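The values are calculated or read from the model by the stated rules, or taken from the named source; none is laboratory data. Bear in mind that the values here come from a model prediction, so they are computed numbers and not experimental data. Backbone-built Cβ (ideal geometry, glycine too); neighbour counts: all protein chains shown.
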Amino acid sequence: MARLILILAAIVDLLLAGLLVAVSGFVLGSGPESIRATGWVAAGWIAMLAFSIVAPVAGFALHSFGRPAGGILVAWLPPAVALIAVSLPPPY
C-alpha cells in the first residue's frame, strides 16, 4: 500500500514540476505579460522545481530503507507546499 501511495506522489510531483516549467515564462520571463520576478522569487521557483523532482526519489529511498511513513511524508511535501503557496496573498 505504501508503494502505491509513493507512486501516486511521484506522479503528482512530476505533474507539479511540469506545471512549474510550463508557467515559468509568465513569472520569470521578460515579456510584456510576465511579472518579471527576480531575486528571491526566482530562487524559490528553482528550489521548488528541484524539490518536486528530488522528493519522490527521496521518498522511494526512505521506503527502501524501511521507513515508509517518512518516505510518504517527503514525497507528498511538494504538493502540500504548493497548495500553501497558492493560498497566500500575492506579495505586490
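Out of (1) touching a Leu at 6+ places or on another chain (Cβ under 7 Å); (2) outside any helix (DSSP H, G or I); (3) of a type outside the set (S, T, N, Q), what's the single condition that is false for Gly31?
It fails just one condition, (1).
Give segment 34-49 a look and list any residue that's in a helix (DSSP H, G or I) and of a type in the set (A, V, I, L, M), or say none.
Across segment 34-49, the qualifying residues are Val41, Ala42, Ala43, Ile46, Ala47, Met48, Leu49.
Name the single residue that is farthest from Val74 (Cα to Cα) among those in segment 12-41 being of a type in the set (A, V, I, L, M) and at pLDDT below 85.
Restricting to residues being of a type in the set (A, V, I, L, M) and at pLDDT below 85, the top hit is Ile35.
Does Ala58 satisfy the condition of being surrounded by 13 or more Cβ atoms within 10 Å (Cβ to Cβ), out of contact with any Gly (no Cβ under 6 Å at 6 or more places or on another chain), at negative phi and outside any helix (DSSP H, G or I)?
So Ala58 fails the test.
From (1) assigned to a helix (DSSP H, G or I); (2) within 18 Å of Pro90 (Cβ to Cβ); (3) without any contact (Cβ under 8 Å) to a residue 24 or more places away in the chain; (4) aliphatic (A, V, I, L, M), pick out the condition that doesn't hold for Leu20.
For Leu20, the exception is condition (3).
Write out, first by first residue and then by second, each pair whose Cβ atoms fall under 6 Å of each other, whose residues are 6+ apart or on separate chains, and whose first residue, in segment 72-89, is free of Cβ contacts under 8 Å to residues at least 60 places away in the same chain and surrounded by 16 or more Cβ atoms within 10 Å (Cβ to Cβ) while the second is in a helix (DSSP H, G or I) and of a type outside the set (A, V, I, L, M, F, W, C).
Val74/Gly59
List the pairs whose first member sits in segment 37-53 and is in contact (Cβ under 8 Å) with a residue 60 or more places away in the chain and surrounded by 10 or more Cβ atoms within 10 Å (Cβ to Cβ), whose second member is outside any loop (DSSP other than H, G, I, E, B) and among the basic types (Lys, Arg), and whose Cβ atoms are under 9 Å apart, counting only residues at least 6 apart or on separate chains?
As it stands, the answer is none, since no pair meets every condition given.
Quick one: which residue in Ala47, Ala10 is among the hydrophobic types (A, V, I, L, M, F, W, C), closer than 21 Å to Leu83 by Cβ and more than 9 Å from the chain's Cα centre (by Cα)?
Going through Ala47, Ala10 in turn, the sole match is Ala10.
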